[in-house]
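The values are calculated or read from the model by the stated rules, or taken from the named source; none is laboratory data. Fair warning: this is a prediction, and the values are worked out from it, not measured in the lab. Here the Cβ is made from the backbone with ideal geometry for all residues, glycine too, and neighbour counts use every protein chain on show.
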Amino acid sequence: MDSKQFHRRVWAMVLLLALMVVSMGAALYDLQINNGESYYQLTQKKVAEAQTVSAVRGNLYDRNGQVLVSNKIVYQVVLDTKRMGKTQGERNQVLLSLIQAARAENVEWTDNLPITKVAPFSFTTDEPYFTTGLDEDGNVEKTLTRLGRLAVNMKWIDDPTKDPEEEEEPEAPKEPSLTERIKAFFGMGKQKEEAPKGPEGPEPLPGAEKLLGRMCASFDVKGEGAVDKKTAEKNGETAPDLNIGTMPRSDARAVAGVLYELYLRSREVYIATEYVFASDVDIDFISRVKELDLPGVEIEAVTVRQYHTRYAAHLLGRTGPMDPDEWQYYKTLDEDGDGVRDYQMNDVVGKEGAELAFESLLRGRPGTRTVERNTKGKIVAEDWRKEPEPGENVILTLDIGLQAYVENLLADAVPKLESEETEGAACVVLDVDTAEVLVAANYPTFDLSNYATELKEKEEDPLHPFLNRALNGLYPPGSTFKMITAVAGLEEEIITPKTKIKDEGRYTYWSDTNAPQCWIYRTRRGTHGLIDVTRAIEVSCNYFFFDVGRQLGIDKLDEYAARFGLGEKTGIELGEKTGVVAGRAYTESRGDTWYEGSITSVAIGQESTQVTPLQLANYIATLINGGTRHAAHFLKETKSGDFSQVTRRYEPQILDEINIKDENLTAVKEGMLKMAQSTRAFQSLPFQAGAKTGSAQISAQTESNAVFVCFAPYDDPEVVVAMAVEHGGSGSELAGMAAEVLSYYFSSKETWEEIPTENTLIR
């Protein structure tokens, strides 16, 4: 073969090799660059899981279309411990990196471990392991705290609520035999053992640092140089209580605090919801977390309630994760009958107020989806099986403008009353013809936006700001009850509108010694003379109603009280107290003896009668509208999630019809009219009103509760106002506040009528 032929073959081979290299390079480029990601995804193990997705909760509006509660999207950091690492040490490193990122961005994370966050460590509560109280029999009872339950569960401590078991007395040592004594003399046998010591008692509960040390040991929280406990014991050394080596003490405490929250849930000590590391985080923190790419750390977008008013907190209520007791109820619900339960254990539900009352309307219907995750736990695909349906928008009967005015009025005026013993107060404004609740105001109150931060302070407040006094406060009606006695006497023909009874000061029918007295006799030694029912209501003559009540008898009086709704639930959708009307049945149910003479107290709204301000308002509305008692209600209507249609309207419910003759009703109403006309606060109003005061003595050592009711306008009544002030003294002192409420209502009503309806969907 000549050189030319050789060179041609060489070049051919070079060319062939070059083509092969280029071809392989192109294939590699296509594999790695063009389709690298897709091939990578194919190599990942994908895990599919079904998820239930909660629906967007409906909004709450007042009767005029003002939004009260809506939703906002916030971002939260959640942890999936299954994907944070194979070992506890790996998981701890992830947590520490997350904590350091939170510190850098000034983000607060969830940590309720009752140990200070920096050394020297100490407990932040006086009773870290258990609380002490009395059981039903008056015996001392110890109850484990969350920390105590977990500490017992993890064997960090013995259960301090259980009495130590009685230990058996040690057996007396046996007398050594002769052989054993000889061997002992020459040092040949076993050394004589010391007699066993008696029980030393249970180990004292560890202090904060010692407990933290046991937590860190269980959680494998440590740095380089931590002492090996077994080696230390062999060398006769003692490992430190907080055996964490070079790890900063504050870091160890922080990691332990997060693990404490996680273990509470994993050990079912606290079954509330999944652990949320941090909520409502900003974009800077989100970016930092994403850059770190920490396994098992996820950013979730969630909706939370947003409050557009600081008023009506008791009525609106709040939402929150369901507790174990609530879960026992919700876990069985399947309202749409599709065979799938409506709630999951981690769902948020209404806790009080409208949020609870209208839970089934507001919550919507959850959806389901299937997601696929790769080996790092990241979602790589999702498929919706059922889209979630948003909740309905609920329009309440509440007038938030009037509610705000009344709450501010109570807060300003109640502390300024003449009585120095005033405590809580409530005011209800009710529509006469429909029993719609326009206002149910309480003093003191709270702000839903600050509920969590102010919880402890409000719980310790002796005035109990969380108590919804308008619906659950119980007060003797006092003289406001007299209209029931009057109507009963008139309708049963005990008296007529023209019947006159002479007030003699002391009512001596049953006894001359302990005769009940009219207020004017008790305070001035005077009497009201010969008066009819209208005049008796105007001047609130006790003597007149003593006599009418006696002639009626307790059974008939109780019957009318019940028909007017006292001692009966009003039907409102929110939780309410039933109250009680004094009488034979109630007295005997308590194991006491009923005395006929007690009817004199019942006839003027005292003895053991107790009603809520809402009951009081509904009773007056029933009286003024001619005897139709409607169920009180807080729901006006609901609209679809997109406001495209009205989904339901409240249908009035009549609970009772009392046939009151026109002349009898007129006689009673005129008494209330004349009382209002004699009250300075009502004289300046541009319309006529009817009113009645009431005061009920609780004890000789305290001021009476003050009660006041009124309605307006007199000729065509629209609204009723009922007020109660604990230890407020005389009901007449509330007249000024009630007059201001009426004045504001009618002036604001005119203002609303002048505003054009810009958005018909929400009105």
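Here are a few things to note about the model shown:
- If you go through the stretch 317-332 and keep only what is farther than 25 Å from VAL67 by Cα, in contact (Cβ under 8 Å) with a residue 12 or more places away in the chain and not in a helix (DSSP H, G or I), you end up with MET322, ASP323, LYS331.
- Here the condition is being part of a strand (DSSP E or B), surrounded by fewer than 16 Cβ atoms within 10 Å (Cβ to Cβ) and either at pLDDT 70 or above or not aromatic (Phe, Trp, Tyr) (or both); of ARG369, ARG385, it holds for ARG385 alone.
- Within the stretch 501-522, the set of residues being assigned to a strand (DSSP E or B) and within 20 Å of THR693 (Cα to Cα) comprises ASP503, GLN517.
- Selection status of ARG63, surrounded by 13 or more Cβ atoms within 10 Å (Cβ to Cβ), modelled with pLDDT of 70 or more, touching a Ser or Thr at 6+ places or on another chain (Cβ under 7 Å) and of a type in the set (D, E, K, R): yes
- Qualifying residue in the stretch 232-251 (condition: under 35 Å from the mean Cα position of the chain (by Cα), at pLDDT 90 or above and more than 30 Å from ASN472 (Cβ to Cβ)): yes
- Residue-level check: of (1) closer than 25 Å to ALA452 by Cβ; (2) in contact (Cβ under 8 Å) with a residue 24 or more places away in the chain; (3) charged (D, E, K, R), GLU359 misses just (2).
- For the stretch 438-452, a residue qualifies if it is under 19 Å from ALA724 (Cα atoms), within 21 Å of the chain's Cα centre (by Cα) and either part of a strand (DSSP E or B) or among the aliphatic types (A, V, I, L, M) (or both), and the qualifying residues are VAL439, ALA440, ALA441, ASN442, TYR443.
- Lone qualifier among GLY641, GLY626 - being more than 23 Å from ARG469 (Cα to Cα), of a type outside the set (A, V, I, L, M), outside any helix (DSSP H, G or I) and touching a Pro at 6+ places or on another chain (Cβ under 6 Å): GLY641
- Top-ranked residue in the stretch 556-598 [being in contact (Cβ under 8 Å) with a residue 12 or more places away in the chain and polar (S, T, N, Q); ranked as farthest from THR612 (Cα to Cα)]: SER598
- Selected residue (criterion: surrounded by the most Cβ atoms within 10 Å (Cβ to Cβ)) from residues of the stretch 119-156 that are of a type in the set (Val, Ile, Thr) and assigned to a strand (DSSP E or B): THR131
- Subset of the stretch 609-659 [among the polar types (S, T, N, Q) and closer than 18 Å to VAL721 by Cβ]: THR612, GLN615, ASN618, THR622, ASN625
- Any hit, the stretch 650-663, residues being assigned to a loop (DSSP other than H, G, I, E, B), surrounded by 17 or more Cβ atoms within 10 Å (Cβ to Cβ) and over 39 Å from the mean Cα position of the chain (by Cα): yes
- Applying the condition of being over 17 Å from SER601 (Cα atoms) and in a loop (DSSP other than H, G, I, E, B) to the stretch 523-553 and asking which residue is modelled with the highest pLDDT yields ASP532.
- Output for the stretch 476-514, where each listed residue is crowded, with 17+ Cβ neighbours inside 10 Å and among the small types (Gly, Ala, Ser): GLY478, SER479, ALA486, ALA488, GLY489, GLY505
- Condition check for ALA632: small (Gly, Ala, Ser), within 30 Å of GLU359 (Cβ to Cβ), surrounded by 14 or more Cβ atoms within 10 Å (Cβ to Cβ) and at pLDDT 95 or above: yes
- Test result for ALA440, surrounded by 24 or more Cβ atoms within 10 Å (Cβ to Cβ), small (Gly, Ala, Ser) and either out of contact with any Phe, Trp or Tyr (no Cβ under 6 Å at 6 or more places or on another chain) or over 30 Å from PRO321 (Cα atoms) (or both): yes
- Taking the listed residues VAL428, VAL406, the one that is outside any helix (DSSP H, G or I), more than 21 Å from the chain's Cα centre (by Cα) and closer than 22 Å to GLY728 by Cβ is VAL428, with no other qualifying.
- The stretch 553-606: number of residues that are in contact with an Asp or Glu (Cβ under 8 Å, 6 or more places away or on another chain), surrounded by fewer than 16 Cβ atoms within 10 Å (Cβ to Cβ) and small (Gly, Ala, Ser): 3
Listed here are the residues, each with its yes/no results for (1) exposed (fewer than 15 other Cβ atoms within 10 Å of the Cβ); (2) in a strand (DSSP E or B).
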residue	(1), (2)
VAL289	no, no
GLU298	no, yes
ALA301	yes, yes
ARG305	no, yes
LEU315	no, no
ASP334	yes, no
ARG341	yes, no
MET345	no, no
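- Residue in the stretch 685-693 that is aromatic (Phe, Trp, Tyr) and surrounded by 17 or more Cβ atoms within 10 Å (Cβ to Cβ) present: no
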